[in-house]
Amino acid sequence: MNKLRVLLIDDEEAFVTTLQERLELRDIEARVALDGQQGLHTLTEYSPHVVVLDLRMPGLSGIEVLKQIRHQWPQLPVIMLSGHGSKQDAQTCLDLGAVQYHKKPLDIEELVHSLMHATSKGW
Amino acid sequence: MLTILVVDDEVAFADVLSQRLRTRGMQVFTAYNGHQALDLMQAKHPDIVLLDITMPGPDGLTILQTLKEQNPITQVILLTADSTISTAVTGMKLGASDYLMKPASFDNILQAIHEAEQKRLNTLSRKRMAETAKLAALGELGKGVAHEINNPVHIMVNEVGWIEDLLEEIPMNADTDKQIRNSLQLIREQATRCKTITSKLLTLRPATNPVSDLHTLPTIWDKAVHLRANRISKTKVTLHQSWSQEFQHPLWSSTSWMQILGNLLDNALDALGLAGGDITITGQRQGNDAIVTIADTGHGIEAHLLTRIFEPFFSTKDVGQGIGLGLAICHGFVESMGGDISVRSTLGQGSVFTIKMPLPVNLIQKNTGVKILTPAKEDANE
């Protein structure tokens, strides 16, 4: 059976590479992009089942990346991560079509649950 | 109501002037020498002081200097009998807003009071603007610090999770495994503490739109209560409120008052604990000040701690329970708006926090405080 493929877009390298390993330990294939631009680029060649996207990044912000993903891959579920987001940020993301909004620090089991949930619904 | 302090060693003059000002609806205190003047200034915080320069004891200029150091917003009108212009000039340099030669007509005195009051209100609103700007800068700083701390904290928590994952994979002696897990749990708890502090710092952001930020104080209180509805529903707390009409005008900064009332409410809820009790908020007008009190029937605060509770990072709650920023934030916001906050407490009976704050300037101008100063028909000379 094919593994679930996740694209992680987050500029905090130490955070995201550990997250990648933790997901792989749970039999989820993850690839890392360290900014929005790289994320959008990786999307075309990697075609993940789901994207995990940080809200605050230098360059393209999470919101802008989310908009572009919605535009080009309207079916692709996106889970947002935020370090210090307000309720308003959460609402904006959900309005723009994100399927979930998680606050850091992140509970890995919750994230895995969201990933499963997002993909079973959308795919 | 405008509060005036008349200072003159000529008792008859001082008494007559005080009485006539009272008939114009002002609250007037009278001092016959410098010492009395200094005491009354401390106790009554007059808006405007009518000050004779030549007096036994501390003279007018000395009092002026002390007063301006203590409360730069209070306006001082100098009364001088001697015609030496140099004394008056010195007085103006020391911050007096006007000077009148004796004998001065009552009309002239009223006119000077009127102008001084305008000046005081302008100074007050300029000061508030400057403080708002300071607060905005502080908010930005807090936000920056919060973000800079949050990222490493998230990384730490994530790494803790990773180590826990690895523990699942690698078989280990049960004792060692337990010790490592305990340490990891501690790290996680401490990270959560950091997170609590940074989220407090993030709430210090100032209002983005100062106009839409203005609401009535009862609305702001209701919102603060609503945000804590979950917590309140779990305790046996009864909330009471009473407001005079000044508080029903939408002239109160929501951002600042949400911080002040929210933190005081949290504090009251902490004091009541699960046992519950009553929390009562009242708003009344006292002269040109708003007096807001929040009383709880909780465990009270020990006397020797009362002076310290507004210090940042001072907390009487158990480590990890309170971070000691709530009341410090309250204090900061109240001071930045030109007010002060105090507390009275009886162990086992509860605490009352009292905020005294200048009324919003628009409210004062809407009211009679200034209007009574329109030029008088009376033409008597003192």
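Numerical summary
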{"read-out": "Hits in the range A:58-74 (condition: under 13 Å from the mean Cα position of the chain (by Cα) and aliphatic (A, V, I, L, M))", "value": "A:63, A:65, A:66, A:69"}
{"read-out": "Every residue from the range A:42-51 that is free of Cβ contacts under 8 Å to residues at least 60 places away in the same chain, of a type in the set (Val, Ile, Thr) and crowded, with 18+ Cβ neighbours inside 10 Å", "value": "A:42, A:51"}
{"read-out": "Test for residue A:103: is it within 25 Å of residue B:197 (Cβ to Cβ) and among the basic types (Lys, Arg)", "value": "yes"}
{"read-out": "Search result, residues across the range A:71-123 that are part of a loop (DSSP other than H, G, I, E, B) and within 14 Å of another protein chain (Cβ to nearest Cβ)", "value": "A:83, A:84, A:85, A:86, A:104, A:105, A:106, A:107"}
{"read-out": "Subset tally (residues that are over 30 Å from residue B:327 (Cα atoms) and not hydrophobic (A, V, I, L, M, F, W, C)) for the range B:173-199", "value": "9"}
{"read-out": "Count of the range B:15-70 residues which are surrounded by fewer than 22 Cβ atoms within 10 Å (Cβ to Cβ), in contact with a helix residue (DSSP H, G or I) (Cβ under 7 Å, 6 or more places away or on another chain), among the small types (Gly, Ala, Ser) and within 15 Å of residue B:3 (Cα to Cα)", "value": "1"}
{"read-out": "Qualifying positions in the range A:17-32 - farther than 15 Å from residue A:118 by Cα, more than 9 Å from every other protein chain (Cβ to nearest Cβ) and out of contact with any Phe, Trp or Tyr (no Cβ under 6 Å at 6 or more places or on another chain)", "value": "A:17, A:20, A:23, A:24, A:27, A:29, A:30, A:32"}
{"read-out": "Residues of the range A:38-70 satisfying the condition of being in a loop (DSSP other than H, G, I, E, B), within 14 Å of another protein chain (Cβ to nearest Cβ) and in contact with a Ser or Thr (Cβ under 9 Å, 6 or more places away or on another chain)", "value": "A:55, A:56"}
{"read-out": "Elements of type helices (runs of 4 or more DSSP H) in the range B:1-71, at least 3 residues being touching an Asp or Glu at 6+ places or on another chain (Cβ under 7 Å) and in contact (Cβ under 8 Å) with a residue 40 or more places away in the chain", "value": "B:11-23"}
{"read-out": "Failed criterion for residue B:160 (all others in (1) away from chain A (no Cβ under 12 Å); (2) surrounded by 15 or more Cβ atoms within 10 Å (Cβ to Cβ) hold)", "value": "(1)"}
{"read-out": "Residue tally, condition of a type in the set (D, E, K, R) and either touching a strand residue (DSSP E or B) at 6+ places or on another chain (Cβ under 7 Å) or under 17 Å from residue A:47 (Cβ atoms) (or both), over the range A:13-35", "value": "3"}
{"read-out": "Failed condition for residue B:287, given (1) crowded, with 16+ Cβ neighbours inside 10 Å; (2) under 15 Å from residue B:351 (Cα atoms)", "value": "(2)"}
{"read-out": "From B:104, B:174, B:112, B:96, residue being more than 14 Å from every other protein chain (Cβ to nearest Cβ), over 30 Å from residue B:333 (Cβ atoms) and touching a Lys or Arg at 6+ places or on another chain (Cβ under 9 Å)", "value": "B:96"}
{"read-out": "Hits in the range B:311-333 (condition: over 25 Å from residue B:191 (Cα atoms) and either at pLDDT below 80 or exposed (fewer than 13 other Cβ atoms within 10 Å of the Cβ) (or both))", "value": "B:332"}
{"read-out": "Neighbours by Cβ (under 7 Å, 6+ apart or cross-chain): first from the range A:75-104, closer than 18 Å to residue A:12 by Cβ; second acidic (Asp, Glu)", "value": "A:81/A:10; A:81/A:54; A:82/A:89; A:102/A:110"}
{"read-out": "Among (1) within 14 Å of another protein chain (Cβ to nearest Cβ); (2) modelled with pLDDT of 90 or more - the single one residue B:182 does not satisfy", "value": "(1)"}
{"read-out": "Subset of the range B:268-301 that is of a type in the set (A, V, I, L, M, F, W, C) and in a strand (DSSP E or B) - its residue that is nearest to residue B:26 (Cα to Cα)", "value": "B:290"}
{"read-out": "Qualifying residue in the range B:201-213 (condition: more than 22 Å from the chain's Cα centre (by Cα), within 12 Å of chain A (Cβ to nearest Cβ), modelled with pLDDT under 90 and under 30 Å from residue B:255 (Cβ atoms))", "value": "no"}
{"read-out": "Which numbered condition residue B:304 misses (of (1) more than 21 Å from the chain's Cα centre (by Cα); (2) surrounded by 13 or more Cβ atoms within 10 Å (Cβ to Cβ); (3) modelled with pLDDT of 60 or more; (4) not in a loop (DSSP other than H, G, I, E, B))", "value": "(2)"}
{"read-out": "Residue count, the range B:234-255 (criterion: among the hydroxyl-bearing types (Ser, Thr, Tyr) and buried (at least 17 other Cβ atoms within 10 Å of the Cβ))", "value": "3"}
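Okay, residues lined up against (1) surrounded by 20 or more Cβ atoms within 10 Å (Cβ to Cβ); (2) of a type outside the set (S, T, N, Q); (3) within 27 Å of residue A:25 (Cα to Cα); (4) at pLDDT below 90:
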site	(1), (2), (3), (4)
A:53	yes, yes, yes, no
A:58	no, yes, no, yes
A:62	yes, yes, yes, no
A:70	no, yes, no, no
A:77	yes, yes, yes, no
A:87	no, yes, no, yes
A:105	yes, yes, yes, yes
A:113	no, yes, yes, no
A:118	yes, yes, yes, yes
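This table checks each residue for (1) farther than 30 Å from residue B:184 by Cα; (2) at pLDDT below 85; (3) away from chain A (no Cβ under 14 Å).
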residue: B:59; (1), (2), (3): yes, yes, yes
residue: B:65; (1), (2), (3): yes, no, yes
residue: B:123; (1), (2), (3): yes, yes, yes
residue: B:132; (1), (2), (3): yes, yes, yes
residue: B:148; (1), (2), (3): no, yes, no
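The values are calculated or read from the model by the stated rules, or taken from the named source; none is laboratory data. From a predicted model like this one, the values you see are computed outputs, not experimental measurements. Heads up, the Cβs are rebuilt from the backbone with ideal geometry, glycines too, and the neighbour counts pull from every protein chain shown.
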